[in-house]
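Scroll down for the structure; my scribbles are underneath it.
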Amino acid sequence: MGSEAKKRVFSGIQPSGDLHIGNYFGAIKGWVEHQSDKENFFCIVDLHSITVAQDPDTLRDQTRSAAALLFASGLDPSICSVFIQSQVSTHAECCWILNCITPLGWLERMTQFKDKAGDQASVSTGLLDYPVLMAADIILYSAHEVPVGDDQRQHVELARDIAQRFNHLYGETFVVPEAVIPEAGARVMGLNDPNAKMSKSFADVRGHAVGMLDEPKEIERSVKRAVTDSHGEIIFSDDAERSGVNNLLGIYKAVTNKTKSEVEKDFRDARGYGDLKTRVAEVLIEELNPIRDRYQELIKDSDQLDKLLARGADRAASISVPKLQEIKSKVGLVLSGGP
Ligand code: AQP
């Protein structure tokens, strides 16, 4: 198959904290597995991160760390464009134009906005506008597919609505993207609260998340502390009371790529939840050890990391700059150096 026939993929990750196994199984692992058969753009979305308060030095470190982790997880810079969102200015410019055709009500309905805004006294306009910037990220690249965890499904739906509205107002301009949600790992829940999604924002809460860079001892400790129940049976279940065990089985399934019945078979002779937790910790350690080792190498060589990111940003600009010119022209803006 020639590269022209390959489907284009765009996805992003916020450098808003330490990346965890939810980010890995919900997004990164799938990006790596399918990178050869697609044309890929993966973006560290630092502009999205500043929709909530960030310490500037910490944000810079986390942005570089997220980039190194993507490469360490197996993204190959010769076939994927990995770049930092704020280094390609088309994203913010396109977002402004899309803001002007997006009804406010569409944004006020977003559940992630409602969850994050919660009962905070002051919420930034950026937090409300988050999904429009995400729509700009995706449709600037004419991406067909957006591989994300289940929590981002509603935002991709909104990107589709915005693309369709623009096409309707100004003529065919954007590809209408599709969300691609993995079957296993689509929603990894907090180990301390299996009814809430594992999230970077709670990563400092003891026992909430397994970080992608956690040492084996920490992984064991977090998994051993995971909330379970008193039923004792190690099977998948939709029962909310059993969501802790379900989450641990889901993590095991995401690591091993086994079917549900194969996973349940693996635990048929287990002696209680102690055995389940030991095995889940073991497979996680096996999966994350080589990633952590490669990360340590990459993060040491900051010149090389900057070069890889500059290469990704150049490739991204080569697609998104002409697309932004087309958008500007369609809405009636005067282009510099042309009609
Ligand atoms: N718990 C999760 N289970 C499965 N997938 C998840 N993702 C995030 N959490 C889980 C997926 O990871 C990708 C990158 O997410 P993001 O960084 O853009 O933002 P997020 O979804 O808001 O992630 P967090 O960890 O909850 O960060 P904060 O706390 O900063 O908001 C996405 O594909 C997402 O679906």
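The values are calculated or read from the model by the stated rules, or taken from the named source; none is laboratory data. Everything numeric in this text was worked out from a predicted model, so none of it was measured. When we count neighbours, we look across all protein chains shown, and the Cβ atoms used for this are built from the backbone with ideal geometry, even at glycine. Each accessible area value is taken on the protein alone, full model and side chains, heavy atoms only, with ligands, DNA and RNA left out. Shrake-Rupley method; radii C 1.70, N 1.55, O 1.52, S 1.80 Å.
Per-structure values
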item	result
Selection count, the stretch 5-26, where residues are open to solvent by less than 20 Å² (accessible area, probe 1.4 Å) and part of a helix (DSSP H, G or I)	5
Tally of residues being within 15 Å of residue 39 (Cα to Cα) and in contact with a helix residue (DSSP H, G or I) (Cβ under 6 Å, 6 or more places away or on another chain) across the stretch 138-163	6
Qualifying residue in the stretch 254-269 (condition: open to solvent by 70 Å² or more (accessible area, probe 1.4 Å) and closer than 30 Å to residue 171 by Cα)	no
Enumeration of residues in the stretch 37-50 that are more than 8 Å from the ligand (Cβ to nearest atom) and either among the acidic types (Asp, Glu) or at pLDDT 95 or above (or both)	37, 39, 40, 41, 42, 43, 44, 46, 47, 50
Of residues in the stretch 169-195 being acidic (Asp, Glu) and either open to solvent by 80 Å² or more (accessible area, probe 1.4 Å) or away from the ligand (no atom under 16 Å from the Cβ) (or both), the one farthest from residue 329 (Cα to Cα)	183
Single condition residue 287 does not satisfy, out of (1) assigned to a helix (DSSP H, G or I); (2) without any contact (Cβ under 8 Å) to a residue 60 or more places away in the chain; (3) within 16 Å of the ligand (Cβ to nearest atom); (4) buried (at least 21 other Cβ atoms within 10 Å of the Cβ)	(4)
Count of residues meeting criterion [assigned to a loop (DSSP other than H, G, I, E, B), acidic (Asp, Glu) and either within 28 Å of the chain's Cα centre (by Cα) or at positive phi (or both)] in the stretch 227-273	2
Only one of 166, 113, 83 that is within 25 Å of residue 34 (Cα to Cα) and either open to solvent by less than 10 Å² (accessible area, probe 1.4 Å) or in the same structural domain as residue 66 (by TED's automatic domain parsing) (or both)	83
Conditions (1) within 14 Å of the ligand (Cβ to nearest atom); (2) at pLDDT 95 or above; (3) open to solvent by less than 10 Å² (accessible area, probe 1.4 Å); number of the one not met by residue 90	(1)
Search result, residues across the stretch 196-226 that are in a loop (DSSP other than H, G, I, E, B), more than 15 Å from the ligand (Cβ to nearest atom) and more than 23 Å from the chain's Cα centre (by Cα)	225
Which listed residue is outside the structural domain of residue 15 (by TED's automatic domain parsing), open to solvent by less than 20 Å² (accessible area, probe 1.4 Å) and not polar (S, T, N, Q), from 156, 245	245
Counted residues, the stretch 123-149 - those being among the charged types (D, E, K, R), within 17 Å of the chain's Cα centre (by Cα) and part of a helix (DSSP H, G or I)	1
